[in-house]
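Working notes, structure below.
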Amino acid sequence: MFRPRLWLPFLLFAIIALLVIWVLSKPFLPVIGPFVSSLSKYITGTERVVHYPDSFILLPMVFGWVSLVLSVLFESVLIGTAFLMFTGYYRSEAISLGQALSSAFRKYIQIFLIWLIILAVLVLVFRYVPNLFESMIAGSKRKALVFDVGLRMSAGVIVTAMLQYALPAILIDGDRFFSAIGLSFRTFFKNAISSYILAAVPVIISLPFTTALNFPMSLSAKFSPELVFYALVGSIIASMIASFISVSTVLRFYWEYAE
């Protein structure tokens, strides 16, 4: 935790995310303002997104979809970079950010596909599963909150846990794409509880922010619209810390128990 160099991949993505969220919150910036406004209107389907206070209330929705693209394109390779840097640290080998990033880029397609599969499954789960229980949770914020947390801690965590060993298999041991996925599944099913806990810890760290951001209207009404923006900033910082913990622990567990 106290090795600044190991934080660099996570910090770099956090800076990218913070810059993007700042830009999205400023739809009238010179030059890029029209593009930001058009993108926000397309995602939300309403003109209200460029008017205060709806610009903040709808910001989590806009950033949510934009962050998926950022995650697939940038976070995936930076997480791969982090795996390689932690590998060097644990083996007492000096691996710089540039060296690790270069090595990760050589396997970018495989990393990209793994990350895309995880996010695609998660998007499908969180987009369509709530519709199946709409009659049970409709009209009750408390039920909606409980259901969202339950879904994250069940399906969300399990999907991640099943595939979390694929990246180190590809990056460190040089496994092929489908071989790495098979190894990840085998490791999960033979160490289901431990794998679940490894995947659950990052979700728990970010949970206070992700839960609050499910109700941006309430945040705006009870406090101020700007609080939605600061909650998003907090979620980015929490995600950075969660990713650091996840990569370091998944790697150590992979070395010990990968099938």
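No lab work stands behind these numbers, since they all come straight from the coordinates. Worth saying up front: this structure is predicted, and the values here are computed from it rather than measured. All Cβ positions, glycine included, derive from the backbone under ideal geometry; neighbour counts span all protein chains shown.
Identify the chymotrypsin sites (Phe, Trp or Tyr not before Pro) of segment 179-253 meeting these criteria: DSSP loop state and at most 16 other C-beta atoms within 10 Å of the C-beta.
Phe223
Convex hull volume of the Cα atoms in segment 20-112, per residue, in Å³?
Normalising the Cα hull of segment 20-112 by residue number yields 123 Å³.
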Problem - Estimated 222 nm signal from helices in the chain, with DSSP H stretches of n ≥ 4 weighted -39500 (n - 2.57), rounded to 500 - result: -24500 deg cm²/dmol
Practice task
Take the alpha carbon atoms of segment 219-237, find their center, do the same for segment 86-120, and report the distance between the two centers in whole angstrom.
Solution key: 32
Handout entry: Charge dipole (debye, nearest 20) of segment 107-216; +1 at Cβ of Lys and Arg, -1 at Cβ of Asp and Glu
Key = 140
Practice task
Please sort by residue number the chymotrypsin sites (Phe, Trp or Tyr not before Pro) in segment 4-43 whose DSSP state is loop and whose Cβ has at most 10 other Cβ atoms within 10 Å.
Solution key: Phe28
Exercise for the section: Any lysines with Cα under 22 Å of the Lys222 Cα? List them, leaving off those in the same chain fewer than 8 positions away. Expected result: Lys141, Lys143
Exercise for the section: Provide Rg over Rh for segment 92-146; use the alpha carbon set for both Rg and the Kirkwood Rh (inverse mean inverse pair distance). Expected result: 1.35
Exercise for the section: With Rg and Dmax of the Cα atoms in Å defined as stated, name the option among (i) 18.8, 66; (ii) 19.3, 61; (iii) 19.2, 56 computed from the structure displayed. Expected result: (iii)
